[in-house]
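Values quoted throughout were computed directly from the atomic coordinates according to the rules given, and no laboratory measurement underlies them. None of these values were measured; they are calculated from a predicted model. FYI the Cβ positions are ideal-geometry reconstructions off the backbone, even for glycines, and counts take in every protein chain you see.
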Amino acid sequence: MDKFDILKEYFGYESFRNGQQKMIDGILEGRDCLGIMPTGSGKSLCFQIPAMLLNGTTIAISPLISLMRDQINSLNQCGIPAVCINSTISEYETVEIYQKARAGAYKIIYVAPERLLNPRFLNLCNDLTIPLVAVDEAHCVSQWGQNFRPSYLDIPKFVQTAQRRPVVAAFTATATEAVKRDIIRILALQSPLTVMTGYDRPNLYFEVRKPDDKDAELLKVLKNRSGSTIVYCMTKRTTEDVHRMLLINNISAGLYHGGLSAEERSAAQEDFIFDRVNVMVATNAFGMGIDKSNVSLVIHYNMPLDLESYYQEAGRAGRDGSNARCIMLYSPSDIKMARYLIERSGSAGASEKEREKLQKCAVTRLHSIIDYCKSKKCLRANILNYFGENTKSSCGNCSNCIKGEKLEDITIEAQKILSCIFRVNRNELNADIEEICKILHGDAADDRFRGLSTYGIMSETLLHRIGQIAQFLSTEGYFEACKPNGHCILTDKSDEFIKSGSTLMMRVKRDPGKKSDKMADIPNPELFERLSRLRKELADSLGIPAYVVFHNSSLIGMCAILPTNIDEFLRVEGVGILKAERYGRKFLSEIVEYLNTRPKSD
Ligand code: ADP
Ligand code: MG
């Protein structure tokens, strides 16, 4: 088996994403590695695949116990033997896990950094062959960034205890130059292969709003949501106020902050992960390392303390690659609050001088996010420049770039309109743009048009909209209106467009009252609903979150490919051999039933 087989057979993916192969190859060659890749880019796979190929058991260090479980669930669903050792597991189970680990039953063991130097754990590691230590969220090792975690400093000591030094691979999503240097130095990486993929997350839409009334604005945004939503607030107190406000307005929402008991937090988190509530109001304590792939909206009720935190938190949206929105509700009082929090902050035990230095760093970082909130230019470019990337000055997918507009796929409509013009001309009939629209809509005054095969093929579309698209095509040079009567004729550009089968997008004004149109992008949306229901049933019966069974992107793939046998099913992204064996029959029969019962459209 090689890395491609594992990718396909266990994870069900066709190809590697940017940076993954380089990291995997580096690790397999025995080199230390540092992967700096944005949230959702697939860092886990970079150590999970080598773990499967290397002899022995990989140790994966991850900062939050409760969230490791999620990774374990996903791995076990793919047929990869992995386990996590943590304090929530009973003594009885722990004994069993240690025994199995010694017998070589696991390819990956997840642990929190606090456990690394625990004698019992060290003893176990002594008995294992450990080819690789993977450090997830490696920025936790640096005091200069956000999320410093003192026990991350134990990692190099742990690595030293091994008889044969394992490869050390570190991963993070947010590393500025200073943090990057810290990771290499503190983890003592040996001439590491550093892989930096771009920070850009093209599927995320960024927006800053400056509302007078944040609550009213929040309610407005939440009204148009689809899928899971996180609302981040700066303080515990604010999360509680916002949470209460949502409940009063009949929006069922969960609450998560550091002041709740461990049970309350894990219950809230589970409700969210298992889609029992789909809005979570939380402080930044929520979500580090969480792999809930179907979060489609992240709202910041307050401005966070720096752009690193913002990008990381906002980046929890759209991990499955589908379009998602990140909206910041900013007000100048957020700055006051931030300053206050920074002044009060300071690591326990730090000297006065160190504290001053830390605060200075924090204030510098604060300026970066204030700048983001006030920027009138491309928001994406603002973020990417901050991380040292040069980008185009306009991304077309943030509030500053589109100012009340959005991009719409008009490929099909354009094909119909152009093909109508083609047919009118071939039949030696002449029509101006208005007539073309009426022919398509099926209400042309002239009887001669009625015999055309394109007559009425857009009867379901508003005449106004057909006109809008036709006008766009004319302006863009796909056809010309000839003088003196404005008869339409096609240009070479339209010929090329039809032959190449490429997609055509048009900017349109956003209709503020309109519901989110995410479902409109999904082929066979009814089937999607059915498959989602089936997924939920299966997940509930197994006690795992729905997205661990299949991601939304896999369900969308099924709706597009419409597989009716296992071979076709395996072509869907995210379907590996084990999942096909486990779930294939049920999903296929749902699809076949759908195909048999849906009304024939053509
Ligand atoms: P990160 O840790 O970088 O934030 P994850 O490792 O959690 O990201 O991966 C994010 C999502 O992308 C996961 O659901 C994962 O299954 C998916 N993924 C990873 N690699 C690929 C790939 N090569 N093709 C398709 N999906 C992938
Ligand atoms: Mg990760």
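Computed values, structure above
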{"item": "Mean separation of Cα contacts under 8 Å, 6 or more apart, over the residue count of region 319-440: relative contact order %", "result": "13"}
{"item": "Pair LEU407, ASP241: separation of 7 Å Cα→Cβ label points (nm)", "result": "3.8"}
{"item": "Calculated FRET value between LYS376 and LYS483, using beta carbons and R₀ = 30 Å, to 0.05", "result": "0.10"}
{"item": "Distance between region 1-27 and region 409-478 - C-alpha centres, whole angstrom", "result": "47"}
{"item": "Per-residue Cβ neighbour rank within 10 angstrom, fewest leading, SER87, SER375", "result": "SER87, SER375"}
{"item": "Crossing angle, helix 43-53 versus the chain [Cα axis fit, 0-90 degrees, rounded to tens]", "result": "70"}
{"item": "Calculated log₁₀ intensity ratio I(q)/I(0) where the Debye formula runs over C-alpha points of region 361-507, q = 0.15, 0.21 Å⁻¹", "result": "-0.77, -1.22"}
{"item": "Gain in span if fully extended, LEU153 to ALA105, counting 0.36 nm per residue against the direct Cα distance", "result": "14.4 nm"}
{"item": "Centre separation in Å (Cα based) which lies between region 223-285 and region 65-94", "result": "25"}
{"item": "GluC sites (Glu not before Pro) lying in DSSP loop within region 531-582, provided at most 11 other Cβ fall within 10 Å", "result": "none"}
{"item": "Debye, to nearest 20: dipole size of region 233-303, +1 on Lys, Arg Cβ, -1 on Asp, Glu Cβ", "result": "200"}
{"item": "Degrees, to the nearest 10: 333-344 long Cα axis against longest axis of the chain", "result": "10"}
{"item": "Test item: Cα-centred dipole of the chain, Lys/Arg +1 and Asp/Glu -1 on Cβ, debye", "result": "1140"}
{"item": "Relative exposure of VAL221, VAL242, judged by other C-beta atoms within 10 Å (fewest first)", "result": "VAL221, VAL242"}
{"item": "Residues LEU358, LEU341 arranged by fewest to most Cβ contacts within 10 Å", "result": "LEU341, LEU358"}
{"item": "Helix-only [θ]222 nm of the chain, DSSP H runs n ≥ 4, -39500 (n - 2.57) each, per residue, nearest 500", "result": "-13500 deg cm²/dmol"}
{"item": "Pairs of Cα atoms farther than 16 Å apart, region 28-133, %", "result": "59"}
{"item": "Anchor LYS210: aspartates and glutamates whose Cα lies under 15 Å away (excluding residues fewer than 8 positions away in-chain)", "result": "ASP334, ASP371"}
{"item": "Extension gain, LYS586 back to LYS360 (0.36 nm per residue minus Cα-Cα distance, nm)", "result": "75.6 nm"}
{"item": "Qualifying GluC sites (Glu not before Pro) for region 393-459 [loop in DSSP, other Cβ within 10 Å: at most 12]", "result": "GLU428"}
{"item": "Where labels lie 7 Å past Cα in the beta-carbon direction, separation of GLU593 and ASP432 in nm", "result": "5.5"}
{"item": "FRET efficiency, ASP492 to GLU93 (Cβ-Cβ, R0 51 Å, nearest 0.05)", "result": "0.15"}
{"item": "The chain - Kirkwood radius from inverse mean 1/r over Cα pairs (Å)", "result": "26.8"}
{"item": "Distance in nm between pseudo-label sites at SER15 and THR461 (7 Å out along the Cβ direction from Cα)", "result": "3.0"}
{"item": "Rounded to 10°, Cα long-axis angle of helix 463-475 versus longest principal axis of the chain", "result": "80"}
{"item": "Paramagnetic label zone (point 7 Å from Cα along Cα-to-C-beta, GLU526; backbone N under 11 Å) in region 561-602", "result": "594-601"}
{"item": "Förster-model FRET efficiency, 60 Å R0, ASN385 and ASN250, C-beta, rounded to 0.05", "result": "0.90"}
{"item": "Set of lysines near LYS357 by C-alpha distance (under 23 Å), chain-local residues within fewer than 8 positions excluded", "result": "LYS180, LYS336"}
{"item": "Sparsely packed GluC sites (Glu not before Pro) within region 156-239, loop by DSSP, other Cβ within 10 Å at most 10", "result": "none"}
{"item": "Stokes-Einstein D in µm²/s, Kirkwood radius over Cα pairs - region 264-382 at 20 °C with 1.002 mPa s viscosity", "result": "134"}
{"item": "Relative contact order (%) - criterion: Cα under 8 Å, at least six apart; region: the chain", "result": "14"}
